[in-house]
Amino acid sequence: MTARIDLAVPAVRRLRQKGTLKEGTVLQSFAFDEVHRHLYVLQLRRGGGKAGNLCLNRLDLQGRRPGHMCLQGFGHGVSLGVQHASDGTVWIWTEADAEDGYGRGVTRLRFFDGAVHTTKDVKVRHPIAGSTGNQPSVCTATNRIAVRHRVDGSPRYRV
């Protein structure tokens, strides 16, 4: 039997409370790290919308924030995924290479409390040439990534 996510855990309830997240802005997306019992939350940084500046928060399941990092020029934070590599490394997937506030590509990175990353610090992948608004989602059961994106303004999906 597959374990279910308990939406009553303090981390989820606390997302509505002021001061839980680093920035005073709204949450854009979140993803669970079931293995290490963390909740990762993306939010736009104050005044960083057009530039694509994000804050990545890491919460424990009690709702405490043991860390955050800044992502400069990544995108709008619409989507977030957690991947566990066979060597134990946790990778965070999100959009990258912002133009008008949304990512033209996707990337993965490791979480380091207090770090500030620009898109020059990570390998940006452009899986769909000419696409905008790339939003990755990770399927941990199949080790695949789906990317919602736009081509000529029309939404599309690719796995």
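The values are calculated or read from the model by the stated rules, or taken from the named source; none is laboratory data. Here the structure is a predicted model, which is why all the values come from computation and not from measurement. Glycine also receives a Cβ, built like all others from the backbone with ideal geometry; neighbour counts cover every protein chain displayed. Keep in mind that these areas ignore ligands, DNA and RNA; they rest on the heavy atoms of the full protein, side chains included. Shrake-Rupley method; radii C 1.70, N 1.55, O 1.52, S 1.80 Å.
Summing Cβ point charges (Lys, Arg +1; Asp, Glu -1) relative to the Cα centre of region 70-159 gives a dipole of roughly 320 debye. Computed over the chain, the per-residue total of -39500 (n - 2.57) for DSSP H runs of n ≥ 4 gives a 222 nm mean residue ellipticity of -500 deg cm²/dmol, rounded to 500.
Its alpha carbons give region 58-101 an Rg and a Dmax of 12.8, 36 Å. Neighbours of His84 by Cβ distance under 10 Å: Lys/Arg scored +1, Asp/Glu scored -1, total -3. The Cβ shell under 9 Å around Pro66 holds other residues with a net charge of +1, Lys and Arg each +1, Asp and Glu each -1. Were the residues from Arg110 through Trp91 laid out at 0.36 nm apart, the gain over their Cα-Cα distance would be 6.3 nm.
Considering only protein heavy atoms and a probe of 1.4 Å, how much of the accessible area of the chain is carbon and sulfur, as a whole percent? Numbers along the way, then the final one.
Values: 4310 of 8900 Å².
Whole-percent figure for carbon plus sulfur exposure: 48.
A simple charge model with +1 on the Cβ of Lys and Arg, -1 on the Cβ of Asp and Glu and nothing else charged puts the dipole of the chain at about 280 debye relative to its Cα centre.
Put Ser86, Ser29 in order of accessible area, highest first, and with a 1.4 Å probe you get Ser86, Ser29.
With semi-axes defined as the square roots of five times the eigenvalues of the C-alpha gyration tensor, the equivalent ellipsoid of the chain measures 24, 19, 14 Å, largest first. Each pair of Cα atoms in region 84-159 enters the Kirkwood radius, and Stokes-Einstein at 20 °C and 1.002 mPa s then converts it into a translational diffusion coefficient of 163 µm²/s. Spin-label model, Leu61 to Ser154: label points 7 Å out along the Cα-to-beta-carbon direction sit 4.4 nm apart.
If the segment from Val35 to Thr140 were pulled out straight at 0.36 nm per residue, it would be longer than the present Cα-Cα gap by 36.7 nm. For the chain, the solvent-accessible area of protein heavy atoms averages 56 Å² per residue (probe radius 1.4 Å; ligands and nucleic acids excluded). In summary, the lysines within cross-link reach of Lys22, defined as a Cα separation below 23 angstrom excluding same-chain residues under 8 places away, comprise Lys50.
With the highest mean first, a sort of the peptides 19-28, 87-96, 68-77 on other beta-carbon atoms found within 10 angstrom per residue produces 68-77, 87-96, 19-28.
When peptides 112-118, 45-51 are ranked by their average number of other Cβ atoms within 10 Å per residue, the highest-first order is 45-51, 112-118.
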